[in-house]
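A short worksheet on the structure shown next.
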């Protein structure tokens, strides 16, 4: 089974702090994603990465950056946390088969971040 | 751009009732369609998927059929259980893209 782990389940930070959210996967998947989940808005893509050191902006990248130095690890960084970044953050990986239409994303358990 | 619309919740049912959660989509080309489920305190898990028109995805008693003519992928289950209480997300992946587009989620509450 694919295992996607996130460094913390719950995190409380103060406004202006630098925050690191870590995601690690054990199945050698090329693609990794960071989403945030908010009530009534579903999941929104922040950033994704299709290879080491490669990254692409998602739909809501403002206020975030990412790092992918190793294939198994994808980090989300909040340079200066703000209260509107209080949310559930979900990491996901993508298994790529021979046909793109059969790809399946696997999700971590999520990190609930509260910014005070 | 691509989008997914699903019915607002919560959907409240008694055990053994029939479940339908509506999902419609807007996309160019031939997207793949997915239902994900999120149990309390957990991340999302793939429930079922369909990759082309008229395909039926099924898993754990849940079913959904890819209807291109109505651009829909409604989730159904004949007899729900208390353990089915969760949030259900409909999603699509457009042709040639890796990222998913999600609906807003529908919370299902099943009482004994």
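What follows draws every value from the coordinates through simple rules; no lab data is involved. Only a predicted model underlies this, so the values are computations on that prediction, with no experimental measurement involved. Note: ideal-geometry Cβ built from the backbone for every residue, glycine included; neighbour counts use all protein chains shown.
Assuming 0.36 nm per residue, please report the length gained on full extension of the stretch residue A:15 to residue A:116 beyond their Cα-Cα distance.
35.8 nm
Could you give the radius of gyration (one decimal) and Dmax (whole number) of the Cα atoms in the protein assembly as shown, in Å?
Radius of gyration, then largest Cα-Cα span, for the protein assembly as shown: 17.5, 51 Å.
Return the distance in nm (one decimal) between the two label points of a simple spin-label model at residue A:52 and residue A:79, each offset 7 Å from Cα along Cα→Cβ.
About 2.6 nm separates the two model spin labels.
At 7 Å along Cα-to-Cβ for each site, give me the label-to-label distance between residue A:69 and residue B:56 in nm.
Those two pseudo-labels are separated by 5.2 nm.
Relative to 2.2 N^0.38 Å, what does the C-alpha radius of gyration of chain A come to as a ratio? Two decimals please. Please list the in-between numbers first.
Values: Rg = 13.7 Å, N = 116, 2.2 N^0.38 = 13.4 Å.
For chain A, the normalised Cα radius of gyration is 1.02.
Kindly provide the pair-distance distribution of chain B built from C-alpha pairs, with 10 Å bins from 0 and whole-percent values in order of increasing distance.
The calculated distribution, bin by bin, is 15, 50, 28, 6, 0.
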